[in-house]
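A quick write-up on the structure given underneath.
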Amino acid sequence: MLSGSSILSYTSPVKSLKSTNGKLSTLEIVLRLQGLFRHRLHPLGLSPLQASTLLYLDRRPQCEVPEIASALCISNLAAVETVQLIQKNGWIHKPRVNSDRKVLKLQLTEKGTVLAQKVKANIAVTDKLFALAHRRNAA
């Protein structure tokens, strides 16, 4: 859990990046959210890409690797590498669905489903932290 001082370090204004009107740009907001999310994922041993893949599989079971690549706007190679790492950790399995052994439908394991729920909980915490910081910066 983040302490109060940690929250401030992740959400305090970056003066060199602020626009002339003192408000954060969309890019600054995205970067700040990404930093908060990455910080929340670290104890789970996940990268944002791995977490995104788990969340996608949680919402769309039985999908294929190219679908994940397209949905996450990453290359097929990056999707394959991420899926392989996630499978190695026991979070997904890839049952073959046809006789030529080429089409693989991905599914979360029970361990992967539990981890996806933890990621969702961390997203909720990140949203709350960012909302608090945004209110403080707006004041």
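The values are calculated or read from the model by the stated rules, or taken from the named source; none is laboratory data. The structure presented is a predicted model; accordingly, all values stated were derived computationally and were not measured. Neighbour counts are summed over all protein chains in view; Cβ atoms, including those assigned to glycine, are modelled from backbone coordinates with ideal geometry.
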Quiz prompt | Conditions (1) over 22 Å from Ala124 (Cβ atoms); (2) at pLDDT below 95; number of the one not met by Leu44 | solution = (1)
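Residues that are among the acidic types (Asp, Glu) and under 30 Å from Ala131 (Cα atoms): does the stretch 58-67 have at least one?
Yes, the conditions are met somewhere in the stretch 58-67.
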Exercise. Within the stretch 30-88, count every residue that is within 20 Å of Thr109 (Cα to Cα), part of a helix (DSSP H, G or I), touching a residue at least 40 places away in the same chain (Cβ under 8 Å) and of a type in the set (A, V, I, L, M, F, W, C).
Key: 7
Quiz item: In the stretch 73-94, which residue that is out of contact with any helix residue (DSSP H, G or I) (no Cβ under 8 Å at 6 or more places or on another chain) and of a type in the set (A, V, I, L, M, F, W, C) is surrounded by the fewest Cβ atoms within 10 Å (Cβ to Cβ)?
Solution: Cys73
Quiz item: Restricting the search to the stretch 34-56, which residues are under 15 Å from Ala116 (Cβ atoms) and of a type in the set (Gly, Ala, Ser)?
Solution: Gly45, Ser47, Ala51, Ser52
Quiz item: Can you name the residue in the stretch 7-29 that is under 15 Å from Leu132 (Cα atoms) and outside any helix (DSSP H, G or I) and, of all such residues, is modelled with the lowest pLDDT?
Solution: Pro13
Exercise. Inspect the stretch 100-114 for any residue being touching a Ser or Thr at 6+ places or on another chain (Cβ under 7 Å), at pLDDT 95 or above, surrounded by 15 or more Cβ atoms within 10 Å (Cβ to Cβ) and more than 21 Å from His39 (Cα to Cα) and give the result as yes or no.
Key: no
